[in-house]
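Novice: Once you've had a glance at the structure underneath, I'll fire off some questions.
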Amino acid sequence: MIRRTPLLVSLCLAPLAVLALRAQQTAAPRPYDAARETRLEWFRDGKYGMFIHWGLYAIPAGEWKGQRSLGLGEWIMNRSNVPVAEYEQLATEFNPVKFNPDEWVQLAQDAGMKYIVITSKHHDGFAMFKSAASKFNVVDATPYKRDVLKALADACAKRGMRLGFYYSQSQDWHEKDGAGNTWDFGPDTAPDGKTELKKYDDYLRAKAEPQVKELLTGYGQVALIWFDTPRMMTPARGQRFADIVRQTQPNTLIDGRLGTEGDYRSTGDNVIPPEASTEAWESPATINDTWGFRKDDTNWKSPGQIAFKLVDIVSKGGNYLLNVGPTAEGVIPQASADVLRTVGRWLKANGEAVYGAGVSPFGEEFGEWSSKNAKDVRGQKLFLANNEWRVTTKPGKLYFTFFSEPRAAFEIPAIRNKLLRAYRLADKAPIALKTENGRTTFTMERPMLDPMATVVVVEFEGQKVEK
Ligand code: JFZ
């Protein structure tokens, strides 16, 4: 196509192609879908979920045969090119005697999280549930012999916690026809990147599709299915999964990585976009630098960092799906649990600014694009984030969350609505509003009530901010 098009025409069309790509990335709003909006209600209100990456990879925990295996804990089979027959042996050692699903759900609740998403099968192909489609599962292949997803589903149902399942539909390194295992089974595609060299549909029909159906039938109400890395997932293949989900549990949400349109967008891992969007989206994120447990990763984010990211995401209209990686014994590392509970205590006093809250009506507080042509570590144009404060909204209310103590009077960005009063959210202490020359400011008591994050509520006349 490029060769047949005259050079001049190509040159003229190139910017259009770039524009088309941009439009795709920043995403034109999708047509309104009433059924989808209804399905999304709890998700939009919940804002904060617990991701759990748990599987056989927690046993090697980042080390294979005495050698440190770099990268994500759950990718060890790939990174160390472990043959299937050898990796399978891990199952004979999987015996998480300390696994207590009630404690996990309690932790999520203490943390203020409103849903849990756990790996039911990651790229290694091992099912953490009883499956008729593959013997490589926690009941049939381990000495533990119990269905850990069922135990977690029961604990969630008992405690009113929504539960969703991560399912790697495309990559399955255990199967010769699944995507991704090049070390045992060769490349997925020919060098043209298109011609498929594996009987991929055989794998999808024999394992992935039946297993997704099992997840949707044996575990009660499933909040969502979190598909991932859609390699070779044509829209038609994706649609087969979407049909299974819709036909089995019509209210179950589909994430943004199926390979065909889901119910909400998933950002890149640990990516928080620089702007607000009214479309439902979710940022999957790590609390250290791995998803699956690694014994050498203790680079925990602090409670203040987590609280900031949560409010930042909410002020931009998204959800925060924050991961923990339990050990092979079934323990969520204490350090991560401590961080989550600290943020949970903050949410107990300040959750009104988070749950069910709307996006910032401003935007200047997010920061700005570098004017120096600098790039970030992903090679993208650098966004210079400003992390001092964020704002979320509810009818008649603005919630200003401060992550740094204002050292001067804080000027409320101009809105047309009459401002009525202000108070600190956590203790309801009133704060005086001062209006001069049409500009309204307030001065917060120093030191601020909670140095991690202090919320000031500003009430205004009317329901919506008018600018
Ligand atoms: C995937 C997995 O490979 C990984 O192991 C983990 O489960 C994570 C949540 O998801 O990794 C991805 C997938 C998508 C992007 C980045 C990492 N992305 O779109 O930027």
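Novice: Using Cα atoms only, what is the angle between the long axis of helix 334-350 and the major principal axis of the chain, expressed in degrees (0 to 90) to the nearest 10?
Specialist: 40
Novice: Run the 1.4 Å probe and let me know the accessible area of THR435, rounded to the nearest 10 Å².
Specialist: So the heavy atoms of THR435 present about 90 Å² to solvent.
Novice: Evaluate 2.2 N^0.38 Å with N set to the residue count of segment 166-271, then give the Cα radius of gyration divided by it.
Specialist: Taking N as the residue count of segment 166-271, the ratio is 1.08.
Novice: Any idea what angle helix 148-159 forms with the longest principal axis of the chain, computed on alpha-carbon atoms, 0 to 90 degrees, nearest 10?
Specialist: Helix 148-159 sits at roughly 30 degrees to that axis.
Novice: Once amide H atoms are built 1.01 Å from N in the peptide plane, which residues 5 or more positions from TRP226, or in another chain, come under 5 Å H to H?
Specialist: Hits under the 5 Å cutoff: PHE165, TYR166, TYR167.
Novice: Around ARG162, which amide H atoms from residues at least 5 apart in sequence, or from another chain, sit under 5 Å from its own amide H, with H modelled in the peptide plane?
Specialist: The list, which skips near neighbours in sequence, is ILE116.
Novice: Normalise the Cα radius of gyration of segment 65-175 by 2.2 N^0.38 Å (N = residues in it) and let me know the number.
Specialist: Rg over 2.2 N^0.38 Å, computed on Cα atoms: 1.15.
Novice: Moving on. For helix 235-248, report the angle its Cα long axis makes with the longest principal axis of the Cα atoms of the chain; keep it between 0 and 90° and round to the nearest 10°.
Specialist: That works out to roughly 80 degrees.
Novice: Still on this model: Compute the Cα gyration tensor for segment 124-191, then decide on rounded, prolate or oblate, letting a ≥ b ≥ c be the square roots of its eigenvalues: rounded whenever a/c is under 1.5, prolate when a/b is larger than b/c in the other cases, and oblate in all that remain.
Specialist: Values: a/c = 4.25, a/b = 1.99, b/c = 2.13.
Oblate, because a/c is 1.5 or more while a/b does not exceed b/c.
Novice: Further, regarding this structure: Assuming 0.36 nm per residue, please report the length gained on full extension of the stretch GLU445 to ASP289 beyond their Cα-Cα distance.
Specialist: 52.5 nm
Novice: Accessible area of GLU436, 1.4 Å probe, to the nearest 10 Å²?
Specialist: 110
Novice: With 31 Å as the limit, write out which pairs from LYS372/LYS394; LYS301/LYS394; LYS98/LYS348 have Cα-Cα distances beyond it, or answer none. Mind dumping the intermediate values first?
Specialist: Details: LYS372/LYS394 37 Å; LYS301/LYS394 29 Å; LYS98/LYS348 28 Å.
In this structure, LYS372/LYS394 lie more than 31 Å apart at Cα.
Novice: When ligands, DNA and RNA are left out and all protein chains stay put, how many square angstrom of accessible area per residue does the chain have with a 1.4 Å probe?
Specialist: Per-residue value: 47 Å².
Novice: Would you compute, from DSSP H runs of 4+ residues alone, the mean residue ellipticity of the chain at 222 nm, taking -39500 (n - 2.57) per run and dividing by the full residue count, rounded to the nearest 500?
Specialist: -8000 deg cm²/dmol
Novice: First obtain the Kirkwood hydrodynamic radius of the chain from its Cα pairs, then insert it into the Stokes-Einstein equation at 20 °C and 1.002 mPa s, and state the resulting D in µm² per second as a whole number.
Specialist: In µm²/s, the coefficient is 89.
Novice: Could you please put PHE43, PHE362 in sequence from largest to smallest accessible area, using a 1.4 Å probe? Walk me through the intermediate numbers first.
Specialist: Details: PHE43 0, PHE362 30 Å².
Sorted descending by solvent-accessible area, the residues read PHE362, PHE43.
Novice: Under a 5 Å amide H to amide H cut-off, with H placed in plane at 1.01 Å, what residues pair with PHE460 once short-range neighbours are removed?
Specialist: Long-range HN contacts for PHE460: LYS397, LEU398, LEU420.
Novice: Relative to the Cα centre, what is the charge dipole magnitude of the chain, using +1 at the beta carbon of each Lys and Arg, -1 at the beta carbon of each Asp and Glu, and rounding to the nearest 20 debye?
Specialist: Rounded to the nearest 20 debye, it is 780 debye.
The values are calculated or read from the model by the stated rules, or taken from the named source; none is laboratory data. If you're wondering where the values come from, they're calculated on a predicted model, not measured in any experiment. Reconstructed Cβ throughout: ideal geometry from the backbone, glycine too, with neighbour counts over all protein chains shown. Surface accessibility is based on the protein's heavy atoms, side chains included, excluding ligands, DNA and RNA. Shrake-Rupley method; radii C 1.70, N 1.55, O 1.52, S 1.80 Å.
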